[in-house]
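Below: one structure, written as structure tokens.
Read the figures in this text as sums done on the coordinates, not as results from a lab. Note that the coordinates shown come from a computational prediction; the quantities given were computed from them, not determined experimentally. Note: ideal-geometry Cβ built from the backbone for every residue, glycine included; neighbour counts use all protein chains shown.
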Amino acid sequence: EIRTTTKDTGNLARVFEEHVLRTIREADQVLQFIIDQHRTQGRTADLRRLMEDGPIISRIYLELGVFNARGELVASSLPAGRADLSPRDHIRVHAARDTGQLFIGKPVLRQPSGKWSLQLSRRINNPDLSFGGVAVVAIDPETFSKLYGQTELGKLALITLVGRDGVVRARRSRNEANATVDTSRWALFKMLPSSPNGSY
């Protein structure tokens, strides 16, 4: 029974992995497109039009945005006033250094909607390679947990998508979805350095 359960769990994990990777790759392509639009059009780039009528049409995106080097929102796909988000992880991590990497932040509770979102972001460099700002795509965590909810789960089953920082990005039990749990103290994270994949 343990062998069968391990096999079934592994098969499910591979299906979920492919879905996660495909979603992240698509979002990353959108980010790079936003950065290109910002470089060529600056603050006149119409992210709202791009999302509603243009090449970026997807229900998984809650918002597209560009922040300047001070963490101020300068372009958005949503009607919004000025916002200073410089304390947020997805601004600070890019301001600190240029990794050239996509950053996936912790879930953020959006105001005033009260909905959770995941911030995927990339750094924008000035022509001299200094920090010029950040491009952000906000994704609905339900993008992942809805798929988990379509999977036949037992009464006590729980599916969780967790970052290497231990923070849950998406979570689904039989009756609920939750993306606000910190699992960094779980024994699992003591095993990861020596066994980065497999069944635990």
May I ask you to derive the FRET efficiency for ARG49 and ARG25 from their Cβ-Cβ distance with R0 = 30 Å, giving the value to the nearest 0.05? 0.80
Could you work out how much longer the chain between LYS155 and ARG3 gets when fully extended? Use 0.36 nm per residue separation minus the Cα distance between them, nm to one decimal. 52.7 nm
Once fully extended, how much extra length lies between ARG59 and THR40, figured as 0.36 nm per residue of separation less the alpha-carbon to alpha-carbon distance? 4.2 nm
Checking rank on 129-142, 181-194, 87-100, with mean other Cβ inside 10 Å and highest first, the result is 129-142, 87-100, 181-194
The answer for ALA75, listing residues at least 5 apart or on another chain whose modeled amide H is closer than 5 Å to its amide H, is VAL66
Contour minus Cα-Cα distance for ASN125 and TRP186 (0.36 nm per residue): 18.2 nm
So what J values fall out for the range 6-11 if you push phi through Karplus, 6.51 cos²θ - 1.76 cosθ + 1.60 with θ = phi - 60°, rounded to Hz, Gly and Pro as x? 4, 5, 5, 5, x, 4
Can you list the residues, at least 5 places off or on another chain, whose amide H is less than 5 Å from the amide H of ILE124, using H built in the peptide plane? GLY132, GLY133, VAL134, ALA135
